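Asks: Here's a structure for you.
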């Protein structure tokens, strides 16, 4: 398996041979091949099977699983089993268990029961990873690796153990060098919080009232770097013993406890786990949207993560060799973890897969092969039913395989003219000190991202770096709470149109109000000063003169004489301001206002956009254009085809339909 991107897009599946009788394995492998599946992920939860007693490995069953899968020319993605340490290991070092913010130990009995900072557990992870890599690292069927599984799942990134406390104190000492410097940076003169030495600092938990936000943001940064170090420990071992095989990790949706860009710098493939209906129910939180998109999923939520992790896949090797997968794709059926589990609409599963392929995914891998009849995931549908007979997802694989063979798309990473900034520091700050309970950096970015999608724009989601914005025509930065000085400098040197706000530049790196008031150093681009933020509940929006509204957030802005006011509130205060190439939104717009501001910025940047039918989305993939219908009615999309020819689907796009245009033959 080469480190280079795949030349074609294909399907995969997550398989647990240890769950089923060995005499069933050949039939499973044969059925996978017949359905067009190429990649099979195994092993990521199997530590107790691989090492049933301390130091006594049983490779025999995994050797046979490799042999059976390879006999059908299936390519194996091998997971390190470090997300599920066995009971004997927990008993040997019980202090490896994580402790929650309530001070309670989170014990054995499910998964992810470890603290990232525990040195003893890190050593055990290195040992099992090395043993796996030495045995299977050059196996001809081994195509790729996956480190661990879903880092931080079940809110386990932030651990409050003695090991984490010791590591946090060491980290702070390295960052600040002196306790006086830390006290000044954190503003510890407030409420008499000053420390005499680093050993006096505790983990941010259990206080009577609000904790110091500077303490909290440093703890978030520390915890993120612990994940980076934990992952790097495994990738370095794998590269020594399994050279030439790409390494991946499967990230999650709307999960920001660590910096995915930083972890991805040690990976060849960024992957994530996509569950559109589960996310709609658990993460969106809007009953109207949940009703509107029930059975198909939010049209922009999973797409946002496709684009985020597509960028993560470029962190190690850059755009040309950037790689990303969907490692776990919800099959067209219910989940085990949803509060409610509506049945996917006809065609929804196909739409999910093609949305990922259109975004450049090399592999879309279904979770899971067979629905289990035991343990925690009994109600999670697979490609097969619990009795081993085909379910709807199996037939979907055959359908997608046939379409791939006809269309023959390739994974494409085309740099967009439009970039939207997503920043983990800004997300953490908006969580730590929320000015409104329903507002965050992610929420603001998703609103702007959705407006760009409604305008038919294929957009890149990028970190706030000079490299990420080079050559762009439009840069969108919603609620970029902390804008690094180097990034501000890069913006000042860019010819792009910049659409920023609200609350952009509101905090310095140490979580204080910047000198001279927000937006801090961005005042060099637009001469405004943020004097006050007013937030309200959803029933009390702020009306603008044009009839649109700010949805519960507006800012009191003082503007210099070179700043133009493009729009005002009904009460006369500035709502949208511009100086040169920079536009600032002094509030959080409703959908209509978001659309208006995005399209104005696109026009200024000379980026063409499309007035799409409601709930229709378009995505460019090299020479191909994909059109998706997330709505409830059939749409005539003939006006979108232009001089292209129809490659897949129809011009009357049914609900959950997918159509593809391409160059005329």
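Asks: Could you tell me whether any residue of segment 180-196 is over 27 Å from residue 54 (Cβ atoms), free of Cβ contacts under 8 Å to residues at least 60 places away in the same chain, within 30 Å of the chain's Cα centre (by Cα) and not assigned by TED's automatic domain parsing to the domain that holds residue 68? Before the answer, list the steps.
Replies: Restricting attention to segment 180-196, the residues satisfying the condition of being over 27 Å from residue 54 (Cβ atoms) are 180-196.
This time we only want the ones that are free of Cβ contacts under 8 Å to residues at least 60 places away in the same chain, so: 180-184, 188-196.
If we keep only those that are within 30 Å of the chain's Cα centre (by Cα) too, we end up with none.
Among the residues of segment 180-196, not one is over 27 Å from residue 54 (Cβ atoms), free of Cβ contacts under 8 Å to residues at least 60 places away in the same chain, within 30 Å of the chain's Cα centre (by Cα) and not assigned by TED's automatic domain parsing to the domain that holds residue 68, which makes the answer no.
Asks: In addition: Can you tell which of 551, 601, 575, 558 is at pLDDT below 95 and out of contact with any helix residue (DSSP H, G or I) (no Cβ under 8 Å at 6 or more places or on another chain)?
Replies: Working: 601 fails: at pLDDT below 95; 575 fails: at pLDDT below 95; 558 fails: at pLDDT below 95.
Just a single option satisfies the conditions, and that option is 551.
Asks: Here is a follow-up. Can you tell me which condition residue 594 does not meet? The list is (1) under 30 Å from residue 547 (Cβ atoms); (2) surrounded by fewer than 21 Cβ atoms within 10 Å (Cβ to Cβ); (3) in contact with a helix residue (DSSP H, G or I) (Cβ under 6 Å, 6 or more places away or on another chain), and all the others hold.
Replies: With respect to (1) under 30 Å from residue 547 (Cβ atoms); (2) surrounded by fewer than 21 Cβ atoms within 10 Å (Cβ to Cβ); (3) in contact with a helix residue (DSSP H, G or I) (Cβ under 6 Å, 6 or more places away or on another chain), residue 594 is out only on (2).
Asks: For residue 33, are the conditions met, namely being buried (at least 20 other Cβ atoms within 10 Å of the Cβ) and either on the phi < 0 side of the Ramachandran plot or assigned to a loop (DSSP other than H, G, I, E, B) (or both)? Steps first, answer last, please.
Replies: Details: buried (at least 20 other Cβ atoms within 10 Å of the Cβ): no; either on the phi < 0 side of the Ramachandran plot or assigned to a loop (DSSP other than H, G, I, E, B) (or both): yes.
No: the conditions fail for residue 33.
Asks: Output the residue which, of all residues in segment 597-626 that are in contact (Cβ under 8 Å) with a residue 60 or more places away in the chain and over 30 Å from residue 361 (Cα atoms), is surrounded by the fewest Cβ atoms within 10 Å (Cβ to Cβ).
Replies: The residue in question is 604.
Asks: I would also like to ask the following. Given (1) assigned by TED's automatic domain parsing to the domain that holds residue 119; (2) touching a helix residue (DSSP H, G or I) at 6+ places or on another chain (Cβ under 9 Å); (3) within 23 Å of residue 431 (Cβ to Cβ), identify the lone condition not met by residue 209.
Replies: The one condition residue 209 does not meet is (1).
Asks: Answer yes or no: is there a residue in segment 120-129 that is over 27 Å from the mean Cα position of the chain (by Cα) and part of a loop (DSSP other than H, G, I, E, B).
Replies: Taking segment 120-129 first, the residues over 27 Å from the mean Cα position of the chain (by Cα) are 120, 123-124, 127-128.
Going one step further and asking which of them are part of a loop (DSSP other than H, G, I, E, B), we end up with none.
Scanning segment 120-129 turns up no residue that is over 27 Å from the mean Cα position of the chain (by Cα) and part of a loop (DSSP other than H, G, I, E, B).
Asks: Identify, from the list 147, 129, the residue that is farther than 28 Å from residue 34 by Cα, in contact with a strand residue (DSSP E or B) (Cβ under 8 Å, 6 or more places away or on another chain), in the same structural domain as residue 42 (by TED's automatic domain parsing) and surrounded by 21 or more Cβ atoms within 10 Å (Cβ to Cβ). Walk me through it before giving the result.
Replies: Values: 129 fails: in contact with a strand residue (DSSP E or B) (Cβ under 8 Å, 6 or more places away or on another chain).
It is 147.
Asks: Exactly one condition in (1) in contact with a strand residue (DSSP E or B) (Cβ under 8 Å, 6 or more places away or on another chain); (2) assigned to a loop (DSSP other than H, G, I, E, B); (3) surrounded by fewer than 20 Cβ atoms within 10 Å (Cβ to Cβ); (4) modelled with pLDDT of 95 or more is not met by residue 543; state its number.
Replies: Residue 543 satisfies all of (1) in contact with a strand residue (DSSP E or B) (Cβ under 8 Å, 6 or more places away or on another chain); (2) assigned to a loop (DSSP other than H, G, I, E, B); (3) surrounded by fewer than 20 Cβ atoms within 10 Å (Cβ to Cβ); (4) modelled with pLDDT of 95 or more except (2).
Yes or no, residue by residue, for (1) under 30 Å from residue 398 (Cα atoms); (2) surrounded by fewer than 19 Cβ atoms within 10 Å (Cβ to Cβ); (3) assigned by TED's automatic domain parsing to the domain that holds residue 111; (4) at pLDDT below 95:
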{"position": "29", "(1), (2), (3), (4)": "yes, no, yes, no"}
{"position": "40", "(1), (2), (3), (4)": "yes, no, yes, no"}
{"position": "45", "(1), (2), (3), (4)": "yes, yes, yes, no"}
{"position": "55", "(1), (2), (3), (4)": "no, yes, yes, no"}
{"position": "58", "(1), (2), (3), (4)": "no, yes, yes, no"}
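Asks: Can you name every residue in segment 627-647 that is surrounded by fewer than 17 Cβ atoms within 10 Å (Cβ to Cβ) and in contact (Cβ under 8 Å) with a residue 12 or more places away in the chain? Before the answer, list the steps.
Replies: As a first pass, look at segment 627-647 and keep what is surrounded by fewer than 17 Cβ atoms within 10 Å (Cβ to Cβ): 632-634, 636, 638-639, 641-646.
If the condition is that a residue be surrounded by fewer than 17 Cβ atoms within 10 Å (Cβ to Cβ) and in contact (Cβ under 8 Å) with a residue 12 or more places away in the chain, then 632, 633, 634, 636, 638, 641, 642, 643, 644, 645, 646 are the ones that fit.
Asks: A further question follows. Restricting to segment 93-106, give me the number of residues that are within 25 Å of residue 207 (Cβ to Cβ) and surrounded by 11 or more Cβ atoms within 10 Å (Cβ to Cβ).
Replies: The initial filter retains those residues of segment 93-106 that are within 25 Å of residue 207 (Cβ to Cβ), namely 95, 97-106.
Narrowing the set further to residues that are surrounded by 11 or more Cβ atoms within 10 Å (Cβ to Cβ) leaves 95, 97-101, 105-106.
Selection size over segment 93-106: 8.
Asks: Tell me which residues, restricted to segment 230-254, are within 20 Å of residue 117 (Cα to Cα) and either touching a residue at least 40 places away in the same chain (Cβ under 8 Å) or in contact with a strand residue (DSSP E or B) (Cβ under 8 Å, 6 or more places away or on another chain) (or both).
Replies: First, the residues of segment 230-254 that are within 20 Å of residue 117 (Cα to Cα): 230-237, 249, 251.
Result: 230, 231, 233, 234, 235, 237, 249, 251.
Asks: Quick test for you: out of 122, 127, pick the one residue that is within 12 Å of residue 82 (Cα to Cα) and without any contact (Cβ under 8 Å) to a residue 24 or more places away in the chain. Before the answer, list the steps.
Replies: Working: 122 fails: without any contact (Cβ under 8 Å) to a residue 24 or more places away in the chain.
Exactly one residue qualifies, and that residue is 127.
Asks: Continuing with this model, one more query. Of all residues in segment 486-518 being touching a strand residue (DSSP E or B) at 6+ places or on another chain (Cβ under 9 Å) and part of a helix (DSSP H, G or I), which is surrounded by the most Cβ atoms within 10 Å (Cβ to Cβ)?
Replies: Filtering segment 486-518 for residues that are touching a strand residue (DSSP E or B) at 6+ places or on another chain (Cβ under 9 Å) and part of a helix (DSSP H, G or I), the one surrounded by the most Cβ atoms within 10 Å (Cβ to Cβ) comes out as 491.
Asks: Right, residue 610: under 28 Å from the mean Cα position of the chain (by Cα) and assigned by TED's automatic domain parsing to the domain that holds residue 474 or not?
Replies: Working: under 28 Å from the mean Cα position of the chain (by Cα): yes; assigned by TED's automatic domain parsing to the domain that holds residue 474: no.
Spelling it out, it is not the case that residue 610 is under 28 Å from the mean Cα position of the chain (by Cα) and assigned by TED's automatic domain parsing to the domain that holds residue 474.
Asks: Just to be sure before I move on: is residue 83 in a helix (DSSP H, G or I) and either in contact with a strand residue (DSSP E or B) (Cβ under 8 Å, 6 or more places away or on another chain) or at pLDDT 95 or above (or both) in the structure I sent?
Replies: Details: in a helix (DSSP H, G or I): no; either in contact with a strand residue (DSSP E or B) (Cβ under 8 Å, 6 or more places away or on another chain) or at pLDDT 95 or above (or both): yes.
No; evaluated as a whole, the condition is false for this residue.
The values are calculated or read from the model by the stated rules, or taken from the named source; none is laboratory data. In this text the structure is predicted, and so the values were computed from the model without any measurement. All Cβ positions, even for glycine, are placed from backbone atoms using ideal geometry, and neighbour counts span all protein chains on display.
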